[in-house]
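> Got a structure for you, written out below as structure tokens; questions coming shortly.
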Amino acid sequence: YEQEEMGEVIARIRETFAWRKAALGPALAEVRAFEEAQGAALPEAYTGGLLEVGNGFSWEGGHSFLSFPPERTGRPVAPFPFEREWVWEAEAGEPDEAKMRPVLDGNLELIDIGCGQTFCLIVTGPCRGEIWHFTDVGIQPCCRRQDFLGWLEKWLDEGDDADCFAEYSYIVNAVEKE
């Protein structure tokens, strides 16, 4: 979607939540306080979703988004240094702690889907605003590098059938090789 269509996307997401009878948490004013405390603005599509749609949600089937503020924040204002996938499982040897530390920088965990997999919002760096897939074997962008609202709408429309890896299947391929 284009930036000027954000209001329409939010309206469609609200309708989908209503149709799915999803339990939404209240919209939050704490977003601005979090931004102030961290010293950085969160991506507009994410704050728009929190403030206009709601904070955290769940519906039958056990899907639930983590509420804001996130429990795992790492260092959200530190620069997210990645612009492309990194599958450390494909590299020789175990990456050391210093090399792994930046994986937690500049992102917020949105949802834990189990088996060591999460979707995270990139908060800083060149990929700011994108949703990335994090696993125990690597990280990668997903869904044609969509922002929070585009990714959320895709996930709500397609549910478990959403192919968040069609364009970026590096991690899926690495895991299948194990």
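The values are calculated or read from the model by the stated rules, or taken from the named source; none is laboratory data. All figures in this text were calculated on a predicted structure; none of them were measured in a lab. Note: ideal-geometry Cβ built from the backbone for every residue, glycine included; neighbour counts use all protein chains shown. In case anyone asks, the SASA skips ligands and DNA or RNA and just uses the protein heavy atoms, side chains included. Shrake-Rupley method; radii C 1.70, N 1.55, O 1.52, S 1.80 Å.
> Could you tell me which residue of the range 7-23 is farthest from GLY106 (Cα to Cα), considering only residues that are in contact with a strand residue (DSSP E or B) (Cβ under 7 Å, 6 or more places away or on another chain) and assigned to a helix (DSSP H, G or I)?
Residue satisfying both the conditions and the ranking: ARG20.
> Go through the range 80-102 and report how many residues are under 24 Å from LEU152 (Cβ atoms) and either touching a strand residue (DSSP E or B) at 6+ places or on another chain (Cβ under 6 Å) or open to solvent by 60 Å² or more (accessible area, probe 1.4 Å) (or both).
Of the residues in the range 80-102, 4 are under 24 Å from LEU152 (Cβ atoms) and either touching a strand residue (DSSP E or B) at 6+ places or on another chain (Cβ under 6 Å) or open to solvent by 60 Å² or more (accessible area, probe 1.4 Å) (or both).
> Now a separate question. Determine which member of the set ARG84, ARG72 is among the basic types (Lys, Arg), modelled with pLDDT of 80 or more and within 16 Å of the chain's Cα centre (by Cα).
ARG84
> If ILE111 passes every condition in (1) at pLDDT below 90; (2) more than 20 Å from LEU42 (Cα to Cα); (3) open to solvent by less than 10 Å² (accessible area, probe 1.4 Å) but one, which one does it miss?
(2)
> Also, I was wondering about something else. Among the helices (runs of 4 or more DSSP H) contained in the range 24-136, which hold 1 or more residues that are free of Cβ contacts under 8 Å to residues at least 40 places away in the same chain and small (Gly, Ala, Ser)?
30-38, 97-100
> Turning to a different aspect of this structure: Within the range 120-149, which residues are open to solvent by 10 Å² or more (accessible area, probe 1.4 Å) and at negative phi?
THR124, PRO126, ARG128, GLU130, PHE134, THR135, ASP136, GLN146, ASP147, PHE148
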